[in-house]
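K.L.:
Before I ask anything, let me first share the structure, which is written out below as structure tokens.
The numbers here are math on the coordinates, done by the rules we state, and not lab data. It should be emphasised that the depicted structure is a prediction, and the values quoted were computed from it without experimental measurement. Please note: Cβ atoms are built from the backbone with ideal geometry, for glycine as well, and neighbour counts cover all protein chains shown.
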Amino acid sequence: MIDVLETVLPVFLLVGAGYGAVRARLFEAAEMGVILRFCTRIAIPTLLFAAVARLDLGETFDGRFLLSFYAGAVIAFALGWLAARYPFGRRPGESVAIGFGALFSNSILMGLPVMERAYGADALGPSFAIIAIHAPVCYLIGITAMEAARADGRGAAATAKAVVSEMSRNALTIGLGLGLAVNLTGLAPPAPVMEAAGLLGRAGLPAALFALGGTLTRYSARAGLGLSGTVTALALLVHPGIAWLLAGPVFGLAPEFVRAAVVTAAMPPGINAYLFAAMYRRGEDVAAATVLIATLAAVVTASIWLAALRAAYP
């Protein structure tokens, strides 16, 4: 178990370093926001572009693998939505926003570093397959559910337009789309351009982890602790558990696919979970608390999942 903690801990220590840097007033939270925007709008989209451009699509895009991950995500989201609505008595729109925390795993900022440290850079192919459709699928589900639940919801056409608009302006989606275009056409940019993209992309993840920690200082863990804890459990335990059940015993996928499905599912909800709630101005307090609590709890739960994977797939 100690070696597993040594694998996971550096990723979370970077997050903690960013948190501590803001608390020590070495940086302002607003400055961390600027770094995070650079990472999520430029550096990481470039990383995704370069990775998807070189990806073996036929080998990594397995429908059973993607179903294993996303079925777990949807079930966790539905349970979070229902838990917020009934036992905790939150309003319909708030319940969707809160449940979104169990749907949206931090697949890029935390999933990729943990996978790379645990299994090496060559094991990231299946993770990129999840990431390639992660934001579109999650936002499609979340926005559709929100529009159906809230009293002032839009119709089907307006909802579809909102989803397309959100995705077309998302830098991560644009980076993935450009990488896919290069992959399918074979029209790769010159080698120096790809090298530069690789350098920029490699700088993105550690900087983003540090900045993520700094931005977490804006949130409090005190809001709706019972509900935040419930969504955290769904995100960190139920989602990866379902992903493993489907990818392993049900579909019998190769170990590299089971590992990628479980590790990515075991990541805490990222800031997108809070941004979704803020976009609709519903359940922001609980969403923020969930992001913070789940990030802290994932140090332990991600280590347990990795240890279990190593025991099952040595």
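K.L.:
If N is the number of residues in region 166-258, what value comes out of its Cα radius of gyration divided by 2.2 N^0.38 Å? Spell out each step's value before the answer.
P.N.:
Working: Rg = 19.4 Å, N = 93, 2.2 N^0.38 = 12.3 Å.
My calculation over the Cα atoms of region 166-258 gives 1.58.
K.L.:
Where does the chain land at 222 nm, in deg cm²/dmol rounded to the nearest 500, when only DSSP H runs of n ≥ 4 count, each adding -39500 (n - 2.57), divided by all residues?
P.N.:
Numbers: 16 runs with 230 residues, N = 314.
After summing the helix terms and dividing by the residues of the chain, the value is -24000 deg cm²/dmol.
K.L.:
If we count other beta carbons within 10 Å of each Cβ, what is the order of THR295, THR144, fewest first? Mind showing how you got there, number by number?
P.N.:
Numbers: THR295 26, THR144 17.
Result, fewest neighbours first: THR144, THR295.
K.L.:
Turning to a different aspect of this structure: Farthest toward the dipole's positive end in the chain, which of LEU253, ILE44, LEU227, given Cβ charges of +1 (Lys, Arg) and -1 (Asp, Glu) about the Cα centre?
P.N.:
Of the options given, the answer is LEU227.
K.L.:
Convert each backbone phi in region 88-103 into a coupling constant with the Karplus relation 6.51 cos²θ - 1.76 cosθ + 1.60 (shift: θ = phi - 60°), then list the ³J(HN,Hα) values in order as whole Hz, x for Gly and Pro.
P.N.:
Coupling constants for region 88-103: 9, x, 7, 5, x, x, 4, 4, 5, 4, 6, x, 4, x, 8, 8 Hz.
K.L.:
Right, here's the next one. Hey, fewest Cβ within 10 Å first, where do PHE12, PHE38 land in order? The partial results should precede the final answer.
P.N.:
Working: PHE12 23, PHE38 16.
Lowest to highest Cβ neighbour count: PHE38, PHE12.
K.L.:
In nm, to one decimal, how far is the modelled label at LEU199 from the one at PHE88, with both set 7 Å along Cα→Cβ?
P.N.:
In this crude spin-label approximation the distance works out to 4.6 nm.
K.L.:
Next question, about the same structure. So, in Å, what gap is there between the alpha-carbon centers of region 238-314 and region 164-230?
P.N.:
17
K.L.:
For a quick protection proxy, order the peptides 296-307, 205-216 by their average other-Cβ count within 10 Å, most packed first. The partial results should precede the final answer.
P.N.:
On the way: 296-307: 20.2, 205-216: 22.8.
Result, highest mean first: 205-216, 296-307.
K.L.:
I would also like to ask the following. Report the extension gain between ALA121 and ARG41 in nm, rounded to one decimal, defined as 0.36 nm multiplied by the number of residues separating them, less their alpha carbon distance. Don't skip to the end; give the middle numbers.
P.N.:
Numbers: separation 80, 0.36 × 80 = 28.80 nm, distance 2.25 nm.
Difference between extended and current length: 26.6 nm.
K.L.:
Arranged from highest to lowest average of other beta-carbon atoms within 10 Å per residue, in what order do the peptides 110-120, 93-103 appear?
P.N.:
Working: 110-120: 20.8, 93-103: 29.9.
Answer by packing, highest mean first, reads 93-103, 110-120.
K.L.:
Any chance you could run the full-extension gain for ALA308 through ALA78? It's 0.36 nm times the residue separation minus the Cα-Cα distance, nm to one decimal.
P.N.:
Working: separation 230, 0.36 × 230 = 82.80 nm, distance 2.61 nm.
Full extension of this stretch gives 80.2 nm more.
K.L.:
What are the residues whose amide H is under 5 Å from the amide H of SER105, where those residues sit 5 or more places off or on another chain and H is modelled from the backbone?
P.N.:
Here the answer is none, since no amide H 5 or more places off falls under 5 Å of that of SER105.
K.L.:
In nm, to one decimal, how far is the modelled label at VAL34 from the one at LEU275, with both set 7 Å along Cα→Cβ?
P.N.:
Modelled inter-label distance: 1.9 nm.
K.L.:
A further question on this structure: Which FRET efficiency, nearest 0.05, do ARG169 and ALA148 yield, Cβ-Cβ r, R0 22 Å?
P.N.:
Working: r = 23 Å, r/R0 = 1.04.
Efficiency computed from Cβ-Cβ geometry: 0.45.
K.L.:
Sticking with this one: For the chain, with only Lys/Arg (+1) and Asp/Glu (-1) charged at the beta-carbon, what is the dipole magnitude about the Cα centre, in debye rounded to 20? Show your work: numbers first, answer last.
P.N.:
Numbers: 21 positive and 17 negative charges, 166 e Å.
My answer is approximately 800 debye.
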